[in-house]
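Notes for the one structure printed next.
The values are calculated or read from the model by the stated rules, or taken from the named source; none is laboratory data. Note that the coordinates shown come from a computational prediction; the quantities given were computed from them, not determined experimentally. Methodologically, a virtual Cβ is constructed for each residue, glycine included, from the backbone with ideal geometry; neighbour enumeration extends over all protein chains shown.
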Amino acid sequence: MHELRLLDEIAVAAREAGEAIVEIVRRGFEVEAKPDRSPVTEADRAAELIILAALARAAPGVPVIAEEEVAAGRIPAHGDTYFLVDPLDGTKEFVRGGDDYTVNIGLIVGGSPRLGVVFAPASDALHGGVAGHGAWVEAGGRRRAIATREPGEPLVAVASKSHFNQATAEYLEHAANGCGHVAIGSSLKFCIVAEGRADIYPRLSPTSEWDTAAGHAVLLAAGGRVDGPDAAPLRYGKRAFINRGFVATGGWLAPAIGPWLEEFAGGGDIPQGV
């Protein structure tokens, strides 16, 4: 299947999943705790089922590694091409009544995100992109191209609402001349950099690969980059699907985050969203 057509099909799936989440919000839901103590709701599971069915139709035979399926012990055999799905990223903020949660579908090819969509149901903003073919945002029935920008003076940073730590503060002091940051939940931070509204997004504690794949794909398509602790491009297919940390920018190489991870984060945190 042509990649741009596949992107459109998974965009439809993300919207359908988002509509299911909004309906569950309207009627109310219970919150449960997974074994890693992270929250999960009916909305996570309903959205994931919609996405799994849609991907089976759009790309039959391509394995899907999805957050709630993995939590249930169902991890399909896969080669170097597979989907990574987070049906509801930002669950912590979601259960508190926040609106910056997202639906995420990314395709990994050869260890790197190839294409992806990020849908924010509360704002009806849908971001998508294919590496090498550009990125876009769709809202209010209109789609427009997006691209990263040259680094601002001063830099503008985005960071996690729930996972901002001393390591991140110290890193921004070093890498971004102590610039302030805007706290945003979920994978929307990748999209803000992709739109050219921010320059840098550091994450100095662990995440799961399904948390980052879709937003990473959108950012790559918009001209950005995401690097791991060693300042090399962040790769996928790691042990237990865990990213130790990363830094995303509009395309420029930021200082390596490795020293801050070693000193402050220790690598022992439980990955719980971006």
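Comparison of GLY90, GLY111 shows that the only residue that is touching a residue at least 24 places away in the same chain (Cβ under 8 Å), within 19 Å of the chain's Cα centre (by Cα), loosely packed, with under 15 Cβ neighbours inside 10 Å and within 26 Å of LEU220 (Cβ to Cβ) is GLY111. Close Cβ contacts (under 9 Å, 6 or more residues apart or on different chains) running from residues in the stretch 157-173 that are in the same structural domain as SER186 (by TED's automatic domain parsing) and among the basic types (Lys, Arg) to residues that are crowded, with 17+ Cβ neighbours inside 10 Å and part of a helix (DSSP H, G or I) comprise LYS161/LYS92; LYS161/GLU93. Return yes when ALA198 is in contact with a helix residue (DSSP H, G or I) (Cβ under 6 Å, 6 or more places away or on another chain) and in contact (Cβ under 8 Å) with a residue 12 or more places away in the chain and no when it is not. For ALA198, the condition - in contact with a helix residue (DSSP H, G or I) (Cβ under 6 Å, 6 or more places away or on another chain) and in contact (Cβ under 8 Å) with a residue 12 or more places away in the chain - is met. Tell me, please, whether a residue that is assigned to a loop (DSSP other than H, G, I, E, B), surrounded by 18 or more Cβ atoms within 10 Å (Cβ to Cβ) and at pLDDT 95 or above can be found in the stretch 39-59. Scanning the stretch 39-59 turns up at least one residue that is assigned to a loop (DSSP other than H, G, I, E, B), surrounded by 18 or more Cβ atoms within 10 Å (Cβ to Cβ) and at pLDDT 95 or above. So, in the stretch 171-212, how many residues would count as being in a strand (DSSP E or B), more than 10 Å from the chain's Cα centre (by Cα) and either over 23 Å from GLY106 (Cβ atoms) or polar (S, T, N, Q) (or both)? Total meeting the criteria: 3.
May I ask you to verify whether ILE21 is outside any loop (DSSP other than H, G, I, E, B), touching an Asp or Glu at 6+ places or on another chain (Cβ under 8 Å) and surrounded by 15 or more Cβ atoms within 10 Å (Cβ to Cβ)? No; evaluated as a whole, the condition is false for this residue.
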